[in-house]
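Report on the structure given below.
Laboratory data are not the source of any read-out in this text; all were calculated from the coordinates shown. Quantities reported herein were computed from a predicted structural model and do not represent experimental measurements. Glycine gets a Cβ as well: all are built from the backbone with ideal geometry, and neighbour counts include every protein chain shown.
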Amino acid sequence: MRCSLKAVAAAIVLSHLCVTAALAQTGSYNIGRIATPEEIRAWDISIGPDGKELPPGSGTAKEGATLYAQKCAVCHGATGVEAPAGPRLVGDRATLTTLKPQRTVGSYWPFATQIWDFINRAMPPNFNNRPVPPDQKLKADAVYALTAFLLYKNGIIKEDDVIDAASLPKVQMPNRNGFVPPRLEDILDYRGKRACRSGTCP
């Protein structure tokens, strides 16, 4: 009798929990509202490897050098190597195969569009762990110029190359092949042939 009472009690508790969970998923709580398209656009700032989300604008390394000295050097050093208060941004390409690899923009990052995305998203830094306030946010031309400057300092582009939405995705980063391809169908098998077909990968 005790066993059956315990089983009945457990069944009652379980059914109560299921009903409560089901009710929690239905109805309206009259809290919040649907985000407006403008609000969504303000947060939808990710830039993928192909750069299709990049905005209009352009910049060169020469333009970026001035901006870097004003806004970036205090943390990353005058040349991007010193890094007194932030990570190194320049050099160390030969260290990736050592026991102490230095992951700089030039040695490690696989896509040039990531540089634009990170600068736009997180620079200059806001130490309150929040998005950069609109009044401190860099304009698109400034982000392109800083991106060009870092690519130039890492020996990836020339100083007078113009970086924009069309040219940036075409920049080949030195460690591009150190990562899995962005498209699964480009993963090669042991014979060097495309191996991912119909969702089957090696």
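What to note about this one:
- The calculated FRET efficiency for TYR29 paired with ALA85, based on their beta-carbon distance and R0 = 41 Å, is about 0.40.
- Summing Cβ point charges (Lys, Arg +1; Asp, Glu -1) relative to the Cα centre of segment 37-142 gives a dipole of roughly 360 debye.
- Radius of gyration and Dmax over the Cα atoms of segment 38-173, both given in Å: 14.5, 47
- Stretching ALA73 away from ARG93 to a fully extended chain increases their span by 5.1 nm, per 0.36 nm per residue minus the current alpha-carbon distance.
- Cα gyration tensor category, rounded, prolate or oblate, for segment 54-100 with a/c compared to 1.5: oblate
- Taking amide H as placed 1.01 Å from N in the peptide plane, the amide H of SER58 sits under 5 Å from that of ASP141, each at least 5 places away or on another chain.
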